[in-house]
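See structure below.
The values are calculated or read from the model by the stated rules, or taken from the named source; none is laboratory data. Note that this is a predicted model, so its numbers are computed, not measured. Methodologically, a virtual Cβ is constructed for each residue, glycine included, from the backbone with ideal geometry; neighbour enumeration extends over all protein chains shown. Areas reflect the complete protein model, heavy atoms only, side chains present, ligands, DNA and RNA absent. Shrake-Rupley method; radii C 1.70, N 1.55, O 1.52, S 1.80 Å.
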Amino acid sequence: MHFVSCCRDMFVLPNKKGMEVVMHFLFNRLDSHLCYEEFRDCWPVLDKKQEQQFRKTCASWLSRITKENKEARLPRIVASLFLSPGGDRFYDLLVHFSNYVLTSVARREGGRFARIPPTPSVNSINFTLTPVMAKAVVCHSVRERQRFLDSSQKLVSAQQEWTAFASELTREYRALSRAVKEQEQKMEAYISSQRDKLLAGSSHARNVSSGSRSADFYLETARKQRANKLQQVRKYWEAVESFCKNHSAERQVVQAILDGNAQKHRTDAADIEVQVPSVLLPQCQQHLEKITS
């Protein structure tokens, strides 16, 4: 537990304990597993030896970041910066390192939804455009903030709708559960009443066990009768399906007659003039006379 007061003026004067807490927090947010491995021998800082090891680890890690990632834009890292952590130079380091950690965490946790604006580079050529670049960064930040607020409102609205829907489903489930329980109780009461009737009407029942066997026999007989009836219905239905399948052509003809499509397609040669050549005409007449005689 570290009792450190965090404010904007905490590094106006050298503040070793504040530096240790802030730097360890930033490194832990950047990579918690690597932070544990790097600082496992010097965190928490309890003596001078661990304090020296902590400063050395911080300087080494920041130097690696500068070499591996040019976009970090970290200032020049020197050991004396952590020996007396305070003043404008240390504030400059915290600003750039905090920006790097914030960007890295946003890209890692936001994935493809993270929209990180590129950091403008100021040099002697575009120095006159510095106010424009600063204004562009501010506008981009305002737009992303508004997009975040809109997304948050949509998420809250969706969460409320899902909560209401879940409550409605819960109520329906409970109502259905009560209905099922009531039906089960009615079924048990009906079976009990039927068993009592069988026990009362059976002159050969000597005790409750024999009456129970009679009731079970009655229920088994009823189940068999129901199964037989279902089997008969299946047979009748199979016969109907077989009839429909075997007489589908006849059914189509009858349906065409009922729909008035029977005379829709026909061959009529009444309008065709048949001319028999004069050479074949005597033979045709003889043939017709033979048929008619």
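Quick look at the numbers
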{"item": "Checking Ser167 against (1) open to solvent by 60 Å² or more (accessible area, probe 1.4 Å); (2) at pLDDT 75 or above, the condition it does not meet", "result": "(1)"}
{"item": "Condition met for Lys181 (over 20 Å from Tyr218 (Cα atoms) and surrounded by 10 or more Cβ atoms within 10 Å (Cβ to Cβ))", "result": "yes"}
{"item": "Residue that is farthest from Val4 (Cα to Cα) [pool: residues in segment 65-88 that are basic (Lys, Arg) and under 40 Å from the mean Cα position of the chain (by Cα)]", "result": "Lys70"}
{"item": "Number of positions in segment 28-66 that are outside any helix (DSSP H, G or I) and more than 25 Å from Thr103 (Cα to Cα)", "result": "8"}
{"item": "Positions within segment 28-62 being in contact (Cβ under 8 Å) with a residue 24 or more places away in the chain and either basic (Lys, Arg) or open to solvent by 70 Å² or more (accessible area, probe 1.4 Å) (or both), in sequence order", "result": "Arg29, Arg55"}
{"item": "Subset of segment 67-85 [part of a loop (DSSP other than H, G, I, E, B), open to solvent by 20 Å² or more (accessible area, probe 1.4 Å) and touching a residue at least 40 places away in the same chain (Cβ under 8 Å)]", "result": "Arg73, Ser84"}
{"item": "Flag if Ala249 is at pLDDT below 85 and either open to solvent by less than 80 Å² (accessible area, probe 1.4 Å) or closer than 30 Å to Thr103 by Cβ (or both)", "result": "yes"}
{"item": "Residue match in segment 137-144 (condition: at pLDDT below 85, surrounded by 14 or more Cβ atoms within 10 Å (Cβ to Cβ), closer than 29 Å to Met19 by Cα and among the charged types (D, E, K, R))", "result": "no"}
{"item": "Single condition Phe25 does not satisfy, out of (1) part of a loop (DSSP other than H, G, I, E, B); (2) open to solvent by 30 Å² or more (accessible area, probe 1.4 Å)", "result": "(1)"}
